[in-house]
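Peer 1: First the structure, which I've put down as structure tokens, then a few questions once you've had a look.
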Amino acid sequence: MHHPSALDLEKTFRSHAPGYWADLGVSPEDWNSATWQLKNRITSLKQLEEHLALTPDERNGVLLSGTKLAMAITPHFFNLIDRENPDCPIRRQIIPRVEETLTSPYEMADPCGEDAHMPVPGLVHRYPDRVLFLVTDRCASYCRYCTRSRVVSGVGEQELDTDFEAAFRYLEQHEEVRDVLLSGGDPLLFSDGKLEKILERLRRIPHLEFLRIGSRVPIFLPQRITPQLCAMLKKFHPLFMSVHVNHPRELTFEVKEALGRLADAGIPLGNQSVLLRGVNDDLAVMKTLVHKLLMCRVRPYYLYQLDLIQGSSHLEVPVQEGIRLIEGLRGHTTGYAIPQYVIDAPGGGGKVPVNPDYVLQRTPERTLIRNFEGRTFEYPEPSSVEASVLDY
Ligand SMILES: *Cc1c(COP(=O)(O)O)cnc(C)c1O
């Protein structure tokens, strides 16, 4: 499916700038400014068609996306699109398609049951010791398979109305919470000052041991990861960050530099990929992705089975194929490069790990296992060893 030389190219850290903007006279200062990137996002059919010949399914998708999940693509990310290939893995993630209007019977607007777990608007408390804090409904660009498309981008039926004061009060009163995950939308779209105020407020709560930010800004808008932002974030350690990369091409020269600045600020970086048909459902692509992530000092954290979000069935990959991908990594490459494959249980059960079966049989006396090459081994249980010694 993928020509080896094409993948070799994906493994290099290239700059794609100025790409589609080559003849438009953009100064390097503008290009490298996050404000310019956000102002010049592709948000309309007209802008899109100035650069790309759309397929009818894409054209209709764009026309219909305005009432569901807005389209927005930063110039930086848009440049990763292959003009010649309608099946381009970047295109599939970011350009609306008419299939988004199809809803399968098992698909939902809130597939992870988040709304039912909100004690305060914007705060999801599903696990005993940690909360998800949805601080904004805006992102730098919109992923078409967004699990929160019901509230994100501002055009859907629901609105995100985070009550910050109530959320801070809830966290102050709930001493069992030791970990707060800022997400949304994308928290890194806030100004340094606004984000700093939130982090300061959280750090005044003594039982909060651990903070993290979930963001795709380093990928969509690496220009936002300035030395000033990193210097600000660094005051709030321990602070981790989870980024979202699905395909090796997303790891450009600029993204690698941005991730390097975050890592240099002492922020441990993890990656959360979503398994997507035609994007990363291929072992060679996945291996290239996880290797490139390690080169960027990012540890692959989770590989998500796609949530059952309305209008996403064209991107769905069978669980069996996800398990096969993990099997193709375990033992065959660096352990640090292997993410945990999870299904966020439909209806609100939380993340559940899904693994290949390496345990073939378990009895009180022994565990029968197989390794990555398919060879089987027997591990005697300590109690049975002790018993046989006593027998002797
Ligand atoms: C994913 C998630 C978390 C964080 O889970 P970890 O496994 O600790 O990364 C917390 N709360 C909610 C609601 C989540 O969906």
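The values are calculated or read from the model by the stated rules, or taken from the named source; none is laboratory data. All values derive from a computational prediction rather than experimental measurement. Glycine also receives a Cβ, built like all others from the backbone with ideal geometry; neighbour counts cover every protein chain displayed. Protein only, heavy atoms only, side chains kept; ligands, DNA and RNA dropped before computing areas. Shrake-Rupley method; radii C 1.70, N 1.55, O 1.52, S 1.80 Å.
Peer 1: For every helix of n ≥ 4 consecutive DSSP H residues, a contribution of -39,500 (n - 2.57) applies; sum these over the chain, divide by its total residues, and give [θ] at 222 nm rounded to the nearest 500 deg cm²/dmol.
Peer 2: -8500 deg cm²/dmol
Peer 1: What ranking, highest mean first, results for peptides 301-308, 203-210 when packing means the other Cβ atoms within 10 Å averaged over each residue?
Peer 2: Most protected by this proxy first, the peptides run 301-308, 203-210.
Peer 1: Note down the net charge around Asp115, summing +1 for each Lys or Arg and -1 for each Asp or Glu among other residues with Cβ under 13 Å from its Cβ.
Peer 2: After counting each charged neighbour, the total is -2.
Peer 1: On to the next question. Ignoring any ligand, DNA or RNA, what whole percent of the accessible area of the chain comes from carbon and sulfur when the probe is 1.4 angstrom?
Peer 2: Whole-percent figure for carbon plus sulfur exposure: 53.
Peer 1: For labels at Glu172 and Ala345 in the simple 7 Å Cα→Cβ model, what's the distance in nm?
Peer 2: 3.4
Peer 1: If the limit is 29 Å between Cα atoms, which of Lys11/Lys46; Lys287/Lys351; Lys68/Lys351; Lys46/Lys197 go over it?
Peer 2: Pairs exceeding 29 Å: Lys11/Lys46; Lys46/Lys197.
Peer 1: So, one more: Please report the antiparallel percentage of the DSSP beta bridges confined to the chain, to the nearest 5.
Peer 2: 35
Peer 1: Sticking with this one: I need the peptides 267-276, 180-189 ranked by packing, meaning the mean over residues of other C-beta atoms within 10 angstrom, with the highest value on top.
Peer 2: The peptides rank, most packed first, as 180-189, 267-276.
Peer 1: Here's something else I'd like to know. Given a 1.4 Å probe, how much area per residue of the chain is accessible, in Å²?
Peer 2: On a per-residue basis, the chain sits at 46 Å².
Peer 1: Along the charge dipole of the chain, Cβ charges K/R +1 and D/E -1, which of His76, Val135, His117 sits furthest on the positive end?
Peer 2: Result: His76, furthest along the dipole toward the positive end.
Peer 1: Would you work out which of Ala167, Thr55, Met108 lies farthest towards the positive end of the dipole of region 1-356, given +1 charges on the beta-carbon of Lys and Arg and -1 on that of Asp and Glu, about the Cα centre?
Peer 2: In region 1-356, that residue is Ala167.
Peer 1: Here's another thing I want to ask about it. So how do 145-152, 59-66, 251-258 stack up, highest first, on mean other-Cβ count within 10 Å?
Peer 2: By packing density, highest mean first, the sequence is 145-152, 251-258, 59-66.
Peer 1: Quick one: dipole size for the chain, taken about the Cα centre, charges +1 on Lys/Arg Cβ and -1 on Asp/Glu Cβ, in debye to the nearest 20.
Peer 2: Using Cβ point charges on Lys, Arg, Asp and Glu, the chain gives about 860 debye.
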